[in-house]
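Worksheet for the structure shown next.
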Amino acid sequence: MMNKLKLSLTATLSITSLYTAPGASAFVPGSSRINTFRRTLIQTSLSTEDEYGIGMDQAAMMESDMLVAVDRNDVLIDGAVVSKRTAHEFNDEQPRGIAHRAFSIFLFNEKGELLLTRRADSKITFPGVWTNTCCSHPLYAMTPNEVDEVPSAYPNFPGIKHAAIRKLRHELGIDPKYVPHEDFEFVTRFHYWAADTVTYGDDTPWGEHEVDYVLFIQCKDEQPEVNVNADEISEFKYVTIDELKNMMKDPELKWSPWFCGIMERGCFDWWADLEGALEGKYCNPEVTYFGPPKEHMAKYNIPAHDENVGVLANE
């Protein structure tokens, strides 16, 4: 199937990895059938929290994970459901991939220490980098539903929180009893992009382009047992603010560009006032944009590109 979706970089982009739920007809974004499409896709659940990722490696999930394409304001793009692979492909014709919804979880123990992780070397995008507790995407066709309607879902965003619980189990083996849905606190959203040039060079085929939800959660009563999925996480440790700042000065360590961008734009302050952050003190309805540092710009990322490049638009 092939749909034509408007992009700001060129008049149109042909996307061959769009997903149509079984029983639903293909259609062009903006069609009057969007509500029927979404209902069919959600009702035709492909996976549950318990089933997700079983027997699948990184390459398989690149094809099976169906991401939530959004515009700069985090509004769903009518009919656009792109595979993880398609959304993360960077090249001359698609220099910033396709903007999609994501989340970054910051899990703290009872002492207020952050659970820091290093991505597995087997990860296709940004392997081997240190980052926050868990970084991933809400998906279509999941049970419970992970696709929130914006702006009406603000500030609760139940779908994103379901996705967070699913991925904490998948990547870190954290039982949902330690991370109840109601304990997640939404802080803010960042729209960012970055090419994975550190791994693949300046003609990298991969990158990230996300509207990223920052979620805080603290496990006060009992520190969760961590059983890492070795295909996702290679190391983990709890750190204080000072310990993290010292680690980030170490030139031998690599860091995810989204984590650095989040920390530079308020996260150290939110962490220092963790109680206030968990009570909603810093909850922000706006989506804040930031671009990548120079080392995460590929040769096809040129100064003439603006914030709309790679962002799909509804008709």
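Coordinate-derived values only; no laboratory data. Remember, it's a predicted structure, so these values are computed and weren't measured experimentally.
Consider all pairwise Cα distances in segment 49-123 and report the whole-number % of them above 14 Å.
Looking at segment 49-123, the distances longer than 14 Å represent 73 percent of pairs.
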Pull up all non-local amide H partners of VAL81: gap of 5 or more, or a different chain, and H-to-H distance under 5 Å with H placed in the peptide plane. TYR19
Given H placed 1.01 Å from N in the peptide plane, which residues other than close sequence neighbours of SER104 have an amide H under 5 Å from its amide H? TYR213, VAL214, LEU215
Once phi is turned into θ = phi - 60°, what whole-Hz ³J(HN,Hα) does the Karplus curve with 6.51, -1.76 and 1.60 give for every residue of segment 202-211, x standing for Gly and Pro? 6, 10, 3, x, 10, x, 10, 8, 9, 9
Can you work out ³J(HN,Hα) from phi for every residue in segment 105-119, in order, using Karplus 6.51 cos²θ - 1.76 cosθ + 1.60 and θ = phi - 60°, giving whole Hz and x for Gly and Pro? 8, 10, 9, 10, 8, 5, 8, x, 8, 8, 7, 9, 10, 10, 5
Overall Cα dimensions of segment 237-303, principal axis frame, Å, largest first: 43, 33, 15
Dividing the Cα convex hull volume of segment 126-259 by residue count, how many Å³ per residue is that? 137
Give me the three principal axis extents of segment 100-191 from the C-alpha atoms, as integers in angstrom, largest value leading. 37, 33, 25
Segment 181-315: radius of gyration and largest Cα-Cα distance (Dmax), Å: 17.1, 51
Using the Karplus equation 6.51 cos²θ - 1.76 cosθ + 1.60 (θ = phi - 60°), what ³J(HN,Hα) coupling, rounded to whole Hz, does each residue of segment 167-177 give in order, writing x for Gly and Pro? 6, 4, 5, 5, 8, 10, x, 7, 5, x, 5
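Assuming 0.692 mPa s and 37 °C, estimate D for segment 130-181 with Stokes-Einstein, Rh taken as the Kirkwood radius over Cα pairs, in µm²/s.
Values: Rh = 11.6 Å.
Rounded, D is 283 µm²/s.
Kindly give Rg over Rh for segment 97-149, based on alpha-carbon atoms, with the Kirkwood expression for the hydrodynamic radius.
Values: Rg = 13.8 Å, Rh = 13.2 Å.
Ratio of gyration radius to Kirkwood radius for segment 97-149: 1.04.
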Taking H placed 1.01 Å from N in the peptide plane, check which residues at least 5 places from MET66 or on another chain put their amide H under 5 Å from its amide H. TYR140
